Ligand code: GLN
């Protein structure tokens, strides 16, 4: 029985000569063997790619790798097709190096809820090596090195394996999924760049759904410029050859992926996309207005991160000639609760198909008993899902039940609209998908409706931390209760609820104040959030700032 100890916390321990417990990073679930012969120049890859294991891949190499979602249910599942995003990246020169470890189905914030065991990052609190942005490989980090168990830090989640693959230099680019922060949070903890595009920009065909109204494919790399090149259009190829930016490519197989016409409409007049003059490199930030959302300055915010955030704002102003103003996003304080109602509700519906018949490993003992009837589902699901996934299914089933629906699910949807409205009001650009208000504010809880919602308007980007703390120690994470774990997502879920593009870039956290036990300089994540479809400028700004 796994009762009492959350499933997925099976650590891959090895015994060292000193008898101390040591373990590996455990960031890959399966790896593609290195090619034995160099590929001919015409097909040579431009970059290495790691793919989160909830994104379908097919392979021509043997042994082929499954798409497991880090779930016992899918441990042997081989997808018959490949996700569109993987095919798109291959067409741009990606060579797949492996499938990365995650929280089961993307549900978690530390990559500890995995059937493959917890992920850890190679940086330790006392000696966090800084990723050298210009270096292509980090030779000082080796996944096969053993690390002292006690000193290990969380890689963040749920795309923790992808962030570590980028940090170790094993992948130039890694794919993750970001439903409520799963690309940005691991990027912040690991000191790399993590980008969540506008909802509907990248195809999710072949990406195993968690919560459809929130799910996005996200990308991680050491530098924002790498992501900018892939998303907006590359100069990267041989002989300066350009390839088409991913933002242009719709996909009829994903109905939420914007059509060509909608893309053109959203990009119309927007800076950074083709057809509109781009700013010169040094000038990207001049005259831009950044908003500091006051509600993000919460009590739980690590003082080292608060200082770093203020320092980033000063740098923008003094060095780059940008303007920084305080703004108010009053619904933010309800966003986390709304997210943890909506995401599990959608998850409980999505995961219904894992019944041991249509999908997932069947419980063969029960299956052979013809008289067992419906018990087969229960037996298969009981064995096939980890504890955190079961918790989400129960939560979601409850909030969708007739007795709880009005008080939870419907309220959460209303909060979601308020979160969206807050964002639309502070951005200078209009939201091309803006919907008129169709509900009566008086219906809402008074504490929401009567807030003062009027602050300075019209900023270009919002600037805030990605997470309230630095990467915590894995030991602490494993003793944390679920609600405390959900707190890590407090700064990332608002952009997810509103479908906005957001990126986390590394910033040095004030030394001496790091709460993960470090005494050196540690990196925290600085988050930039943009208006819907303002991805091109967001990436350019992230590149200029980092
Ligand atoms: N930590 C959040 C959750 O567990 C976000 C996960 C994600 O973005 N996939 O739901």
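The numbers here are math on the coordinates, done by the rules we state, and not lab data. Since the model is a prediction, treat every value here as computed from it, not as a measurement. Heads up, the Cβs are rebuilt from the backbone with ideal geometry, glycines too, and the neighbour counts pull from every protein chain shown.
Residues 28, 81, 105, arranged from fewest to most other Cβ atoms within 10 angstrom of their Cβ, appear as 81, 28, 105. Of 29, 393, 357, 529, the sequence from fewest to most neighbouring Cβ atoms within 10 angstrom is 357, 393, 29, 529. Spin-label model, residue 213/residue 358: points 7 Å from Cα along the beta carbon direction are separated by 2.1 nm.
You can think of it this way: the chain between residue 243 and residue 76 has 56.6 nm of extra reach, that is 0.36 nm per residue less the Cα-Cα gap. Taking the number of Cβ atoms within 10 Å of each Cβ as an exposure proxy, the fewest-first ranking of 482, 348, 159 is 482, 348, 159. Residue separation times 0.36 nm, minus the C-alpha to C-alpha distance between residue 428 and residue 252: what's the value? Between residue 428 and residue 252, full extension yields an extra 60.2 nm. Stretching the chain fully between residue 404 and residue 481 yields a gain of 25.4 nm (0.36 nm per residue, less the alpha carbon separation).
With the cut-off at under 18 Å, measuring from each backbone N in the range 395-429 to a point 7 Å along the Cα-to-Cβ line of residue 294 picks out 419, 422-427.
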